[in-house]
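The values are calculated or read from the model by the stated rules, or taken from the named source; none is laboratory data. Since this is a predicted model, take the numbers as computed values, not measurements. Quick reminder, even Gly has a Cβ in these numbers, built from the backbone with ideal geometry, and neighbours come from all protein chains shown. With ligands, DNA and RNA removed, areas are computed over all heavy atoms of the protein, side chains included. Shrake-Rupley method; radii C 1.70, N 1.55, O 1.52, S 1.80 Å.
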Amino acid sequence: MCYVQVDGHLRLSLSLCLFKDTTVHRFLHCNYYDEEKTKITIENYYTMRTRFRDLFSNPDLLCDEFQNAMSFADFIPLPQTTPEGYKVVLFRLSDTDPTHFSQRNLLRFSHICMQQVLEEHGMAAGHVIINDMTGMSLGHMRRMELFMSKNHMTFIQEAAPIRLKGSHMVNVVPFVDTLMKLMKPMMKRELYELVHLHQHKESLFPFVPQECLPAEYGGNAGTFKELRDNFYAKLLSNRDHFIRYDQENLVDDSKRPEQRGWFSMFRR
């Protein structure tokens, strides 16, 4: 991809016909078929994947960093949608020892997981994210990097081809208010209003019916281990695809001069 001069401004040279039909449809769908918003999202998506190499570089699931993330994190797309047709993705720590935790590895891995989910279910009516905070401690917070969190939140809000309908924190820990205060400046009001905090899993059920959830929640989706093992096996079977995708989907950023405003905040 390259940049061209248009009316005195550099714009990413994009033609929807250059992309696979499924890619176009996914970006159009997340923007409710508004073509101008779709073009902006596409430009943000490929530019951020190029600039935010702390989140997207070397996506080899067999490397030590991703093996580490897979050892302590359960990232599980649930098989059943909500009555509204929303696809549900659930995250929890399977190993709660803070010394095994790496936010950098986790965020990089989560983007590969979401790429897989969106390639399969990007045309869903929406997506709901559940974060089960069981076992999280201040030791985990001390290992978090503010700048990397900012890059992650920017990508989710401005570039990810997703219709996010809800973000739920379940079994919240006492320091969740501190965590939310740290995250709030990075979140647009629209995203902040989608966040729901639940002391217990039962208050989640009006948003995501219990039968959609894993057996550990009293649901019918199967156990965490079954769901996790099946999804991680699918990820590993697509290992070459993720590596090739990263190599083939970078912009030629050298042709963009230094600019003020939006792109000047991107980390090189």
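Given the structure, is Q199 open to solvent by 50 Å² or more (accessible area, probe 1.4 Å), of a type outside the set (D, E, K, R) and in contact with a Gly (Cβ under 8 Å, 6 or more places away or on another chain)?
Numbers: open to solvent by 50 Å² or more (accessible area, probe 1.4 Å): yes; of a type outside the set (D, E, K, R): yes; in contact with a Gly (Cβ under 8 Å, 6 or more places away or on another chain): no.
It is false that Q199 is open to solvent by 50 Å² or more (accessible area, probe 1.4 Å), of a type outside the set (D, E, K, R) and in contact with a Gly (Cβ under 8 Å, 6 or more places away or on another chain).
Looking only at segment 216-244, filter to residues that are aliphatic (A, V, I, L, M) and open to solvent by less than 50 Å² (accessible area, probe 1.4 Å); which one of those is nearest to the chain's Cα centre (by Cα)? Steps first, please.
If we filter segment 216-244 for residues that are aliphatic (A, V, I, L, M), which is where we start, we get 221, 227, 233, 235-236, 243.
Of the ones still in play, those that are also open to solvent by less than 50 Å² (accessible area, probe 1.4 Å) are 221, 227, 235, 243.
Details: A221: 22, L227: 19, L235: 15, I243: 18 Å.
Residue satisfying both the conditions and the ranking: L235.
Kindly evaluate N151 against the criterion of being within 13 Å of the chain's Cα centre (by Cα) and farther than 24 Å from A125 by Cα.
Working: within 13 Å of the chain's Cα centre (by Cα): yes; farther than 24 Å from A125 by Cα: yes.
Criteria met by N151.
For residues that are of a type in the set (D, E, K, R) and under 24 Å from E120 (Cβ atoms), scanning just segment 44-64, find the one that is surrounded by the most Cβ atoms within 10 Å (Cβ to Cβ). Explain how you work it out, then say what you get.
Pass one, segment 44-64, residues of a type in the set (D, E, K, R): 49, 51, 53-54, 60, 64.
From what is left, the residues that are under 24 Å from E120 (Cβ atoms) are 49, 60.
Working: R49: 20, D60: 16.
That would be R49.
Filter segment 138-171 down to the residues that are open to solvent by 20 Å² or more (accessible area, probe 1.4 Å), among the hydrophobic types (A, V, I, L, M, F, W, C) and in a loop (DSSP other than H, G, I, E, B) and list them by number.
M144, I162, listed by residue number.
Test P174 against the criterion of being surrounded by 19 or more Cβ atoms within 10 Å (Cβ to Cβ) and either in contact (Cβ under 8 Å) with a residue 60 or more places away in the chain or on the phi < 0 side of the Ramachandran plot (or both), and give yes or no. Step through it out loud before you land on a result.
Numbers: surrounded by 19 or more Cβ atoms within 10 Å (Cβ to Cβ): no; either in contact (Cβ under 8 Å) with a residue 60 or more places away in the chain or on the phi < 0 side of the Ramachandran plot (or both): yes.
No; evaluated as a whole, the condition is false for this residue.
State yes or no: is E43 in a helix (DSSP H, G or I), under 25 Å from H241 (Cβ atoms), at pLDDT below 95 and not β-branched (V, I, T)?
Numbers: in a helix (DSSP H, G or I): yes; under 25 Å from H241 (Cβ atoms): yes; at pLDDT below 95: yes; not β-branched (V, I, T): yes.
Yes: the conditions hold for E43.
Are any residues in segment 221-240 touching a residue at least 24 places away in the same chain (Cβ under 8 Å) and assigned to a helix (DSSP H, G or I), and if so, which ones? Please lay out each step first, then the result.
Taking segment 221-240 as the starting set, the residues that turn out to be touching a residue at least 24 places away in the same chain (Cβ under 8 Å) are 221-222, 224, 227-228, 231-232, 234-236, 238-239.
Scanning segment 221-240 gives F224, L227, R228, F231, Y232, K234, L235, L236, R239.
Does segment 65-77 include one or more residues that are loosely packed, with under 14 Cβ neighbours inside 10 Å and assigned to a helix (DSSP H, G or I)? Before you say what the answer is, go through the steps one by one.
To start, the set of residues in segment 65-77 that are loosely packed, with under 14 Cβ neighbours inside 10 Å comprises 67, 71.
Of the ones still in play, those that are also assigned to a helix (DSSP H, G or I) are 67, 71.
Within segment 65-77 (the criterion being loosely packed, with under 14 Cβ neighbours inside 10 Å and assigned to a helix (DSSP H, G or I)), the answer is yes, since at least one residue qualifies.
Exactly one of these conditions fails for A125: (1) out of contact with any Ser or Thr (no Cβ under 6 Å at 6 or more places or on another chain); (2) surrounded by 19 or more Cβ atoms within 10 Å (Cβ to Cβ); (3) at pLDDT 95 or above; (4) not aromatic (F, W, Y). Give me its number.
Condition (2) is where A125 drops out.
For segment 177-196, give me each residue that is open to solvent by 30 Å² or more (accessible area, probe 1.4 Å) and in a helix (DSSP H, G or I).
D177, T178, K181, L182, M183, K184, P185, M186, R189, E190, Y192 - these are the residues of segment 177-196 that are open to solvent by 30 Å² or more (accessible area, probe 1.4 Å) and in a helix (DSSP H, G or I).
Given the conditions (1) among the polar types (S, T, N, Q); (2) surrounded by fewer than 17 Cβ atoms within 10 Å (Cβ to Cβ); (3) under 16 Å from the mean Cα position of the chain (by Cα), report the number of the one that Q80 does not fulfil.
The single condition Q80 does not satisfy is (3).
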